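To keep things clear, I will list the structure first and then write my remarks on it.
Every read-out reported here was derived from the displayed coordinates using simple, explicitly stated rules and does not represent laboratory data. The structure presented is a predicted model; accordingly, all values stated were derived computationally and were not measured. Virtual Cβ from ideal backbone geometry, glycine too; neighbours counted across all protein chains shown.
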Amino acid sequence: MAVVKVDKLARSVAEGPSLMTGSIPTRNWMDVPAVFKPGNYAYPAKAEVIRYLDSQKGVSFPNAREWSPEDDDWKLPANWKEIILKGLADRLDRFRSLKIFMDCCVRCGACADKCHFFLGTGDPKNMPVLRAELLRSIYRQEFTRAGKILGRMAGGREMTAGVLKEWFMYAYQCTECRRCSVFCPYGIDTAEITMMLRELLHMVGVGINWAMEPVSNSNRTGNHMGLTPQAFKGNVEFLCDDIENLTGVRVNPTFNRKGAEVLFITPSADVFAEPGIFTCMGYLLLFEAIGLDYTWSTYASEGGNFGLFTSNEMMKKLNGKMYAEAKRLGVRWILGGECGHMWRVLHQYMDTMNGPADFLEVPRSPITGTVFDNAASTRMIHISEFTADLIKNNKIKLDKSRNAHVTATFHDSCNTSRAMGLLEEPRYILDHVVENWFEMPPNTIREQTFCCGSGTALNTDEIMELRMRSGLPRANAVRYVHDKHGVNTLGCVCAIDRATLTTLMNYWVPEVQVAGLSELVGNALVIDGEQRQDLTEGLRTLV
Ligand code: SF4
Ligand code: SF4
């Protein structure tokens, strides 16, 4: 899908008729249908992918078929409406949060202009309050007395195929980033509403391939790309060769080794794609420098969990392999690599979904002795916590001048910042590995960080213009620090960010590259016996 040139898109975002530019809609939102055209929807899940997943124990993905959002007939089951309403009733019963979110919005509008999709598209239905209203209107009609009696006068409406299509459109124009919830006086989390919408849609066979194929691969082989154990191991070993070539240090990681102290799990993107592979080289160097007794797993070979963007049951199933593998290998605790949504699952859901992990110990750094009580229930800590603790205890030697080519800023991933409060550790690390780094404006960082615009499985090429629009608020803040301070590197701790922000920067701020924090750590690490080449671009130097 060709994307319009930057200057044209920038003009249309700033000047085109939209709610953002003062154009007032002339029709009630309920009367404006969703219109699908190439570029505004992600491709539906392939029939064979759905068929495979539906055959798996513990999950349900019915109605595998070929279909297109542009068709009038979506080939839904004959009783689709009944399925949806039953599904909603069941979820209102099971999830107290959903019931509260349906009831307590006062339509104050505080969330309205906080969503990057609204800021980038100007579409009123991308205001979080209205996104939630897409579901709330059905809830009112079917589950409240006022709605049953007064219908539209009470904000209710009938569940129709048009409503279902609207759900599909706007559930996939939300990256579940939760920025809106930070500003809501009632703490309404629109991301949770989007998650429910996606679950309900899956009950009638409506989902996108960019979510379902990685889910299917992950279920089958353990990782999103469907890498076999041999290929996974081979990729990591290629990176070890690169490290030796660059630094003279031979790294020899182990795989599936029983009795290792620590199991290390990271997103598979770190082992096969730039710029994630440089982050992975950073991990490998760090573990070598401190002599960590750890192992990789070729079964739990994916930290990411696209089940989160699909259904609670799918998320739980994919997450289960982490504890299962930790148990099989007999490790003491788990160390996790840089990822965003992986950490949302681990931090918020893993313990209740698949715990308690009593067979593991509360993580204790074998190098510093620090006990990470914050992970007392999950038994798993983030690489940034681990690294920051090493730095604080003077256990690694760092030379900032090795990052002389870097003037950085830091992008808080939505999930690590808002879902787990990982705010200080990455900044502490940056303070110690680069000479110069600058914060983006305060309303675009920390809890208020702007999403990359392509998370929750929206990192797909057919919706590129939508992604560039929704990523504009993030890119705009990077542009600001680039122009003001000469920032040329956007640091982050998320694998999806490393992929999506690279595309976003290429489009809006091409002077800026994207790097995982562990890459910057790896650049700066001084290791006994090393024989480094002149690495003018750190671990990504071509020699
Ligand atoms: S900020 Fe909260 S209460 Fe106000 S409109 Fe948005 S969701 Fe509703
Ligand atoms: S969760 Fe993020 S993408 Fe979704 S409505 Fe809220 S701000 Fe927008």
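Beta-bridge orientation, the chain: approximately 15 percent antiparallel, per DSSP, counting only bridges with both partners inside. With a Förster radius of 35 Å, plug the Cβ-Cβ distance of K99 and N488 into 1/(1 + (r/R0)^6) and report the FRET value to the nearest 0.05. That pair, K99 with N488, gives E of 0.15. Sorting 497-504, 154-161 by average packing, meaning the other beta carbons within 10 Å per residue, from highest down gives 497-504, 154-161.
Under a 5 Å amide H cut-off, with hydrogens placed 1.01 Å from N, V514 pairs with L490 among residues at least 5 apart or on other chains.
Have a look at N312, A260, C280 and report the one farthest towards the positive end of the charge dipole of segment 257-327, computed about the Cα centre with Cβ charges (Lys/Arg +1, Asp/Glu -1). Of N312, A260, C280, it is N312.
Please state the shape class of segment 154-206: rounded when a/c is under 1.5, otherwise prolate if a/b exceeds b/c and oblate if not, all from the C-alpha gyration tensor. It is oblate, given that a/c is not under 1.5 and a/b is not larger than b/c.
Converting phi to 3J(HN,Hα) with the Karplus coefficients 6.51, -1.76 and 1.60 and the offset θ = phi - 60°, segment 428-439 yields 4, 5, 4, 3, 9, 10, 10, 6, 10, 8, 9, 7 Hz in sequence order, with x at every glycine or proline.
Dividing the helix sum by the residues of the chain, where each DSSP H run of 4 or more adds -39500 (n - 2.57), gives a mean residue ellipticity at 222 nm of -13000 deg cm²/dmol. A protection proxy built from the mean count of other Cβ atoms within 10 Å ranks the segments 131-137, 164-170, most packed first, as 131-137, 164-170.
Dipole of the chain, Cα-centred, from +1 at each Lys and Arg C-beta and -1 at each Asp and Glu C-beta, to the nearest 20 debye? Result for the chain is approximately 1540 debye, rounded to the nearest 20. When the Cα gyration tensor is reduced to axis lengths a ≥ b ≥ c, the ratio a/c is 1.5 or higher for the chain, and with a/b above b/c it is classed as prolate.
For N436, the residues whose modelled amide H falls within less than 5 Å of its own, excluding neighbours fewer than 5 places apart on the same chain, are A408. In this structure, the amide hydrogen of V487, modeled 1.01 Å from its nitrogen in the peptide plane, lies closer than 5 angstrom to those of H482, counting only residues at least 5 positions away or on a different chain. Pairs with C-alpha atoms separated by more than 27 Å, drawn from the list K37/K99; K99/K317; K125/K321; K114/K400; K321/K392, are K37/K99; K125/K321; K114/K400; K321/K392.
Think of it this way: in the chain, C104, C105, C108, C115, C174, C184, C240, C280, C339, C452, C492, C494 stand alone, with no other Cys Cβ under 4.7 Å.
Each of V3, V543 has some number of other Cβ atoms within 10 Å of its Cβ, and from fewest to most they run V543, V3. The distance between label points at S401 and T352 comes to 5.3 nm (points 7 Å beyond Cα on the Cα→Cβ vector). Projecting label points 7 angstrom from Cα along Cα→Cβ for E244 and F36 puts them 5.1 nm apart. For segment 32-63 versus segment 453-531, the spacing of their alpha-carbon centroids is 29 Å.
For segment 236-276 versus segment 430-447, the inter-centroid distance based on Cα atoms is 28 Å.
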